[in-house]
Amino acid sequence: MMEKKTDMSVNIAGLKLKNPVIAASGTFGFGREYSALFDLSRLGGIAVKGLTLEPRKGNPPPRIAETPSGILNSVGLQNPGVHAFIRDEIPFLRRYDTAIIANASGNTVEEYEEMVRILSDADVDAIELNLSCPNVKEGCMAFGSTAAGITQVVSRVKPFCKKPLIVKLTPNVTDICELALAAEAAGADAVSLINTLLGMAIDVKTRRPILGNIMGGLSGPAVKPVALRMVYQVSKVVKIPVIGMGGISNGTDVVEFLLAGASAVMIGTAGFVNPYAWVEAINGLEQYMLENNCRSVAELTGGLIV
Amino acid sequence: MNLIHRVGAVNRLNEETFLMTIDSPEIAAAGRPGQFVNIRCGGPDAYLRRPISICRIDRERGTFDIGVQIRGKGTEALSRMRPMEPIDIMGPLGNGFSLKPEDRRIAVVGGGIGVFPLLQLLIEHPASEKLALLGFRSRDQVVLEQDFQMACDELLIATDDGSYGTAGFVTSLLEKKLGEKTFDRVFICGPTPMMKRAAAILLERNVPCEVSLEQRMGCGIGACLVCACKTRAGDDWDYAHVCKDGPVFSGEAVIFD
């Protein structure tokens, strides 16, 4: 057997991951379901289901529509609330050797601050600020779609944040680079992108929208070229690490995002089709690194030849 | 979980439905009536898996059947699969019907393609008296009549247009039968308006019932939270998830909007 000389680990602003593949928030719950299928310790990290201060019931069904090479979702941040997460889910996740990234949302700037204060004292490895959910009326994208909104929230929470702070960006804007620069200037330790693209689907038989909430967020292979382009653009203008996501399904896709400038990646929708997508992507990346004599993931990050 | 199984046979039941037999000793051994499998139909036009109920299980042969209505590109692709082809299936998934030995008299109420999961339930249920009430749009939509006949003591069929069996809705058959006798539990699967009506009829008479729900799904295992359905939670309500909490729920638990 060939001796493995690759180092898959990455360090994202103090967040140490054994490999750069993270389960994307909203697609992986709190890991319980997938733990029955594979060892969660294989993952670099898990970005848990988006959390809010109070439990949320989420949006009316249907919450998913299939589109060419992708899906629209409008779950609307259904979650048990941050306190239930800390009490019930962290002890479970800590059984595994993988980083826990808490994804936090708020309706108001005050709620974002409260969330960051609570999660800073919880046993999580990083906080991902969700400033980009397209499926809720208040907060999130309302803040996250302008540089001023991002500056307001990030500068407000930063003084209380004791964990690496990742800001998740929406692609539903004219210039995502502006948002990334605003996040960086306000103190973000990293940015993650892209959240879903706002879209809709219509059933011509009923003449109604397929989604109960009319509009939803597009994800899956359909968005990959857009995501890759945005990761490329953002990583050129910011100095903080970029976590790339959007339609990643396998190891080759991971390498593409790393070359475009990502330091780590998140995978979500692909797991609905292939529940082993995360593990296969990690194996695929490792194989690529071995075949191409890459000693570290950092060697690939931003390695695009243009 | 092994995902790769093999197509055994594909048989047309009528213009828009077919029965597929799948060779899978694992799923045949583990599967229970009312559970479902999540099938990758393939191609960029059918990105998501399709959740389909288990219709019948042959544990000795290590096979199970699914009944499928061709509704779109995914099920269309599935209908064109041939024996011996590999097929990517996650399953068995979800919670099936309850098979309680103390339920001596049971009935199933099925509508359209909702009849499929009720077949294995009738085959396996230990009850001493089993009634099947099945409703279809018209004569050409009637499926698996002989199979149901063999699995129960009495089979009554209703068609919307009266072209076969009793004319009218299957819920009318249910009301009529409830005038003659009662049941320890009734199992319902079909279009939402039919399930809503049937559950209301039974709950009014204090007859326990279970319903098998359908909703657009993502992961199929409870992680993505898309297949929400309204259920009672104390005095309040909440969204449960069809894939993990169901697809079978007690009739009292579900809020049909």
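The values are calculated or read from the model by the stated rules, or taken from the named source; none is laboratory data. A quick note: this is a predicted structure, and the numbers were derived from the prediction, not measured. FYI the Cβ positions are ideal-geometry reconstructions off the backbone, even for glycines, and counts take in every protein chain you see. Surface accessibility is based on the protein's heavy atoms, side chains included, excluding ligands, DNA and RNA. Shrake-Rupley method; radii C 1.70, N 1.55, O 1.52, S 1.80 Å.
Worth pointing out:
- Within the accessible area of the stretch B:105-212, the carbon and sulfur atoms contribute 49%, probe 1.4 Å, all protein chains present.
- Spacing of the two label points (7 Å from each Cα toward its C-beta) at A:Lys162 and B:Thr166, in nm: 6.9 nm
- Across the stretch A:161-173, computed HN-Hα scalar couplings (Karplus, 6.51 cos²θ - 1.76 cosθ + 1.60, θ = phi - 60°) run 8, 9, 10, x, 9, 9, 10, 8, 9, 8, x, 7, 9 Hz from first to last residue, x flagging Gly and Pro.
- A straight line joining the Cα centroids of the stretch B:1-72 and the stretch B:215-257 runs 23 Å.
- Cα gyration tensor category, rounded, prolate or oblate, for the stretch B:66-165 with a/c compared to 1.5: oblate
- Mean-position separation - Cα centroids, the stretch A:222-283 and the stretch A:149-213, in angstrom: 16 Å
- Among A:Ala186, A:Val306, A:Thr269 the positive-end extreme of the charge dipole of chain A (Cβ point charges): A:Thr269
- Positive-end residue, the stretch B:105-212 charge dipole about Cα centroid, Cβ charges, pick of B:Gly135, B:Thr166, B:Pro191: B:Pro191
- Candidates B:Asp236, B:Asp140, B:Asp23: whichever shows maximal mean-square fluctuation once chain B is modelled as a Gaussian network with Cα springs under 10 Å: B:Asp236
- Within chain A, longest stretch clear of exposed GluC sites (Glu not before Pro) (DSSP loop, no more than 16 other Cβ within 10 Å): A:139-306
- A simple rule links phi to the HN-Hα coupling: the Karplus curve 6.51 cos²θ - 1.76 cosθ + 1.60 with θ = phi - 60°, which for the stretch A:45-53 gives x, 10, 8, 6, 3, x, 9, 10, 4 Hz, with x for Gly and Pro.
- Accessible surface calculations at 1.4 Å, restricted to protein heavy atoms, place chain B at 42 Å² per residue.
- Restricting the stretch B:157-242 to trypsin sites (Lys or Arg not before Pro) that sit in a DSSP loop and have at most 16 other Cβ atoms within 10 Å of their own Cβ leaves B:Lys181, B:Arg205.
- Peptide A:272-281 - average C-beta neighbours from other chains (10 Å radius): 4
- Per-residue ³J(HN,Hα) for the stretch A:5-19, Karplus 6.51 cos²θ - 1.76 cosθ + 1.60, θ = phi - 60°, Hz, x for Gly and Pro: 10, 7, 10, 7, 6, 9, 10, 9, 6, x, 8, 8, 10, 5, 8
- Considering only B:His125, B:Phe97, B:Phe148, and ranking their Cα positions along the charge dipole of the stretch B:78-152 that arises from unit charges at the beta-carbon of Lys, Arg, Asp and Glu, the one farthest toward the positive end is B:Phe148.
- For trypsin sites (Lys or Arg not before Pro), the sites in the stretch B:112-154 that DSSP calls loop and that have at most 16 other Cβ atoms within 10 Å are B:Arg137.
- The dipole here belongs to chain A: it is taken about the Cα centre, uses +1 on the Cβ of Lys and Arg and -1 on the Cβ of Asp and Glu, and is about 360 debye.
- Linear extension gain, A:Lys5 paired with A:Glu178, 0.36 nm per residue minus alpha-carbon span: 58.4 nm
- Heavy atoms of B:Ser138: accessible area, 1.4 Å probe, square angstrom to 10: 20 Å²
- Each Lys and Arg contributes +1 and each Asp and Glu -1, all at the Cβ; summed about the Cα centre of the protein assembly as shown, the dipole is approximately 380 debye.
- Cα gyration tensor, chain A - rounded (a/c under 1.5), prolate or oblate: rounded
- A Gaussian network model of chain A, with springs between Cα atoms under 10 Å, assigns the largest mean-square fluctuation among A:Val204, A:Val226, A:Val238 to A:Val204.
- Prolate/oblate/rounded label for the stretch B:1-153 (Cα gyration tensor, a/c 1.5): oblate
- The amide H of B:Cys55, built 1.01 Å from its N in the peptide plane, has B:Asp65, B:Ile66, B:Gly67 as neighbours under 5 Å, considering only residues 5 or more places off or on other chains.
- Under DSSP loop assignment and at most 13 Cβ neighbours within 10 Å, longest trypsin sites (Lys or Arg not before Pro)-free interval of chain A: A:6-93
- At an R0 of 51 angstrom, the distance between the Cβ atoms of B:Arg105 and A:Ala142 translates into a FRET efficiency of 0.35.
- Here the relative contact order of chain A, from alpha carbon pairs under 8 Å that lie six or more residues apart, stands at 20 percent.
- Using a cutoff of 8 angstrom between alpha carbon atoms and counting only pairs six or more residues apart, the relative contact order for the stretch B:105-212 works out to 30 percent.
- Beta bridges by DSSP in the stretch A:162-306, antiparallel share as percent, to the nearest 5: 40 percent
- Spin-label model, A:Thr108/B:Arg6: points 7 Å from Cα along the beta carbon direction are separated by 6.4 nm.
- Across chain B: Cys residues that no other cysteine approaches within a C-beta distance under 4.7 Å: B:Cys41, B:Cys55, B:Cys152, B:Cys189, B:Cys209, B:Cys227, B:Cys229, B:Cys243
- Inter-site label distance for A:Asp203 and B:Arg139 at 7 Å from Cα along Cβ, in nm: 3.1 nm
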